[in-house]
Amino acid sequence: MPSRLQDPISLGALNLRNRLYRAPVLEGAGSAKNPAKVYAKHFVPNAEAGVGLIIQGNTIVQPEGRTSPGMSAVHDQESLLVFRPMTEAIHKAGGRIVIQLGHGGTYALESWHQEAMAARTRPPLAPSPLPWWIRLILDSVHVPTTEEVEGMTQRFGQVAAWARDAGYDGVQLAGSNAKLLHQFLSPVYNRRTDKYGGDLDGRTRILREIRESIAQQAGSDFPVLLKYTAVENTLWGKGITLDEGVAIAKKAEEWGFQAVTPVIADMLPNTAICRGDFPKHTFRHKKLRQTMREAAGNAYRFYVIATAMWFSSRRYPFQPVWNRPVFSAVRDAVSLPVFGVGGIRTPQEAATILQQDEADLIGIGRPFYAEPLLPKRFLAASADEPFPAMACENCNRCIMPQMVGMAGVCYNPETHQRRKELAAMGTPPA
Ligand SMILES: Cc1cc2nc3c(=O)[nH]c(=O)nc-3n(C[C@H](O)[C@H](O)[C@H](O)COP(=O)(O)O)c2cc1C
């Protein structure tokens, strides 16, 4: 079966050598002395191994709003320009890099992480006052005025212009996993009565204005991608439906976005977007457990987090290509490129997705932590032959360390053994 994975593709002005991309998974460089070096350590081997596009994990456009201590804040020009050596090294290796821009909103560290709560200048942002049942677990929020939201759309444009100066090939808006932009799209969170709320036109208006602001400030040819929640599962109330998810992609096309990544997400920030196991090992690890307990500030918050993670692993077990119904529905409805992501683990799955025109690019996330040189063997593999399984076991041990500020790497010792086995089989591991 011939695969189209190696075919080049253009996203507006952004030309990619193939259709394999590294999905945004946080790198944990935020508090490092030389963050560019940390990012380069992650990304340059991926580019040298042949990946077409790297999407750098979520950064925040304001000083507050991280959802993980290692997330980079890109609220001034200097904090972006430091990344230039890294973007240049990726270009030298033939890769391309896009940076994800966003804000944690309600679930920013300022709402649950002891240190961030103590240092915050105001409560975390939310589109509207929170539903009563979320108020049981979260502190107060700040609901931005219409003018403040307008200011925020301008800020995204400004940050995109700095990203261009820093050598990035484009930006991706982070509109999934219950972050602020997702919350604006969601009828559960967004009950505003101004121009940014109400029907789908109102709830998506922030995306349109950010797109316009980026065109004005970074140039109309600077590529802007969108990752967003196209189906929102809720515990109470009606979330974003698939029909709305498809309609959002149509609007994104109309507004000049260069590509979309539609995903299924929960209304809470949980493992719906990275389906897999409950990471019991990290909760049993004495030191890590203690660090998490201290970060959460009290036993109540710690147990809420642990229970929510356990519940979400039961609700969302790993399933190969779990976003297929969503990205294929969007692909049918629009002509702009659609990114597929979520549990794609074999060249056969990738080949089928591309051949059946269900998506235009293939995204892989967590396995890059375990195998930085994965693109080499994934791109070289024949879709007709068995593919030696990836080292990543979807164990989700990578999540909790990041919640307390540790590096974005694989924390499963068994994957190191697996990498050795892959080496012995003659495939090129990390
Ligand atoms: C530790 C971790 C960090 C992540 N960080 C981000 C992020 O910054 N932005 C984002 O849009 N998705 C993020 N994701 C979701 C991934 O981009 C991806 O959608 C998900 O892991 C499913 O792909 P996979 O099964 O290939 O890992 C993260 C996932 C994990 C496990």
For this session: Go through (1) surrounded by 17 or more Cβ atoms within 10 Å (Cβ to Cβ); (2) modelled with pLDDT under 90 one by one and return the number of the condition Ala116 breaks.
Result: (2)
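Yes/no matrix, rows are residues, columns are (1) basic (Lys, Arg); (2) within 16 Å of the ligand (Cβ to nearest atom); (3) in contact (Cβ under 8 Å) with a residue 60 or more places away in the chain:
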position: Pro279; (1), (2), (3): no, yes, yes
position: Arg284; (1), (2), (3): yes, no, no
position: Gly297; (1), (2), (3): no, no, yes
position: Pro317; (1), (2), (3): no, yes, no
position: Asn323; (1), (2), (3): no, yes, yes
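Residues are listed down the side, and each one gets a yes or a no for (1) closer than 29 Å to Arg155 by Cα; (2) at pLDDT below 95; (3) among the hydrophobic types (A, V, I, L, M, F, W, C):
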site: Ser3; (1), (2), (3): no, yes, no
site: Leu20; (1), (2), (3): no, no, yes
site: Ala32; (1), (2), (3): yes, yes, yes
site: Ala40; (1), (2), (3): yes, no, yes
site: Glu48; (1), (2), (3): no, no, no
site: Val51; (1), (2), (3): no, no, yes
site: Gln56; (1), (2), (3): yes, no, no
Problem set entry | Unique match (being within 13 Å of the ligand (Cβ to nearest atom), within 22 Å of Arg96 (Cα to Cα) and assigned to a helix (DSSP H, G or I)) among Phe327, Phe378 | Phe378
For this session: Kindly provide the set of residues from segment 286-300 that are under 20 Å from Arg135 (Cβ atoms), touching a helix residue (DSSP H, G or I) at 6+ places or on another chain (Cβ under 9 Å) and of a type outside the set (A, V, I, L, M, F, W, C), ordered by number.
Result: Gly297, Asn298
Exercise. What number of residues within segment 96-138 are under 20 Å from the mean Cα position of the chain (by Cα) and of a type in the set (A, V, I, L, M, F, W, C)?
Worked result: 8
Problem set entry | strands (runs of 3 or more DSSP E) enclosed by segment 1-117 - at least 3 residues per element that are within 26 Å of Leu373 (Cα to Cα) and β-branched (Val, Ile, Thr) | 53-60, 96-102
Exercise. Is it true that Ser10 is touching a Pro at 6+ places or on another chain (Cβ under 7 Å), farther than 17 Å from Ala380 by Cβ and either among the small types (Gly, Ala, Ser) or away from the ligand (no atom under 16 Å from the Cβ) (or both)?
Worked result: no
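This table checks each residue for (1) of a type in the set (A, V, I, L, M); (2) within 16 Å of the ligand (Cβ to nearest atom).
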site	(1), (2)
Asp76	no, no
Leu81	yes, no
Gly104	no, yes
Ala108	yes, yes
Seminar exercise, completed: Subset of segment 344-372, residues in a loop (DSSP other than H, G, I, E, B), crowded, with 20+ Cβ neighbours inside 10 Å and touching a residue at least 40 places away in the same chain (Cβ under 8 Å), comes to Asp360, Gly365, Arg366, Glu371, Pro372
Exercise. Are any residues in segment 390-412 more than 10 Å from the ligand (Cβ to nearest atom), over 17 Å from Pro372 (Cβ atoms) and of a type in the set (A, V, I, L, M, F, W, C), and if so, which ones?
Worked result: Cys395, Val404, Met406
Exercise. Just for segment 25-41: of the residues that are under 18 Å from Ala163 (Cβ atoms) and of a type outside the set (Ser, Thr, Tyr), which one is nearest to the ligand (Cβ to nearest atom)?
Worked result: Leu26
Problem set entry | Filter result (aliphatic (A, V, I, L, M) and either surrounded by fewer than 16 Cβ atoms within 10 Å (Cβ to Cβ) or in a loop (DSSP other than H, G, I, E, B) (or both)) within segment 126-146 | Ala126, Leu130, Leu136, Ile137, Leu138, Val141, Val143
Exercise. Is it the case that Thr271 is of a type in the set (Val, Ile, Thr), part of a helix (DSSP H, G or I) and within 24 Å of Cys410 (Cα to Cα)?
Worked result: no
For this session: Go through the residues of segment 322-341 one by one and say whether even a single one is of a type outside the set (A, V, I, L, M, F, W, C), in contact with a Phe, Trp or Tyr (Cβ under 8 Å, 6 or more places away or on another chain) and surrounded by 19 or more Cβ atoms within 10 Å (Cβ to Cβ).
Result: yes
Exercise. Going by the conditions given, is Ile264 within 12 Å of the ligand (Cβ to nearest atom) and buried (at least 18 other Cβ atoms within 10 Å of the Cβ)?
Worked result: yes
Seminar exercise, completed: Within segment 42-71, residues away from the ligand (no atom under 15 Å from the Cβ), touching a helix residue (DSSP H, G or I) at 6+ places or on another chain (Cβ under 9 Å) and more than 18 Å from Ala160 (Cβ to Cβ) come out as Val44, Ala47, Glu48, Ala49, Gly50, Gly52, Glu64
Problem set entry | Test for Gly12: is it at pLDDT 95 or above and at positive phi | yes
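The values are calculated or read from the model by the stated rules, or taken from the named source; none is laboratory data. Keep in mind that what you see is a predicted model, and the values were worked out from it rather than measured. A quick note on method: Cβ atoms are made from the backbone with ideal geometry, for glycine too, and the neighbour counts reach across all protein chains shown.
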